[in-house]
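The values are calculated or read from the model by the stated rules, or taken from the named source; none is laboratory data. Bear in mind the structure is a predicted one, so any value in this text is a computation, not a measurement. Note that we place each Cβ from the backbone using ideal geometry, even for glycine, and neighbour counts take in every protein chain shown. Keep in mind that these areas ignore ligands, DNA and RNA; they rest on the heavy atoms of the full protein, side chains included. Shrake-Rupley method; radii C 1.70, N 1.55, O 1.52, S 1.80 Å.
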Amino acid sequence: MKMSMIAGALAALVSLATAASDASAQTAPPTLGSVRAGTYKVDSYHTQVEFSLSHFGFTNYAGLLAGVTGSLQLDPAHLSAAKLDVTIPIQSITTTVPKLTDELKGAQWLDSEKFPAAIFTSTKVVSSGNGEATITGNLTLHGVTQPVVLHAHFIGAGVNPIDKAYTVGFEATTTIKRSEFGVSAYVPAIGDDVQLTLEGAFELQG
């Protein structure tokens, strides 16, 4: 009787382990290679650009830009043909200090009235596997255009449970020198190197 109970318990454990394994296989996260090909539109509500730079060498001060618009042409089978275009409204810049936010929009810094948007347009995409890629392109900021390389990482894809849109998400990072774009106030006391992180969500069109 006791052996029968032990055997039954072992069988139950094996069954649970098998079920867990099957469930894990069914819910495995999608890979970049499984993403649907097509034209994607930036999901402006869930896309933002984070920036960070040194503040007198004491801290890395950060802020956000939102309201991003743009498009992504993506075919996982032909990643080198991918095309990314994004527009970032400078007026959307925000920090934890309202006075500083207003200052950054002013003529001494980003001059959002004269230069209302930053624009990135890709010119080359190179996949390095495992959902990683480098995206070379041109960034226009403060009226100046400079080449920039984004280091992109695939986050995930699937149907958004709220709006039912098929969505793909990426994170992309780069570092620019703001003085090269004519934004040189207080360099070098306030850092010239600005770290940018794009958290991008894109919805399949059509």
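Please work out how much accessible surface Ile176 shows to a 1.4 Å probe, ignoring ligands, DNA and RNA, in Å² rounded to 10.
10
Could you please state how large a percent of the accessible area of the chain is carbon and sulfur, counting protein chains only and using a 1.4 Å probe?
61
Averaging over every viewing direction, what projected area does the convex hull of the Cα atoms of the chain cover, in nm²?
17.2
Leaving out ligands and nucleic acids, and using a 1.4 Å probe, what accessible area per residue does the chain come to in Å²?
Per-residue accessible area for the chain comes out at 57 Å².
Choose one of Val183, Gly33, Leu74: the residue whose Cα lies farthest towards the positive end of the charge dipole of the chain (beta-carbon charges +1 Lys, Arg; -1 Asp, Glu; about the Cα centre).
Going by the Cα projections, it comes out as Gly33.
Beyond 14 Å, what share of the Cα-Cα pairs of region 122-170 is found? Please give it as a whole percent.
Summing the P(r) of region 122-170 above 14 Å gives 62 percent of all pairs.
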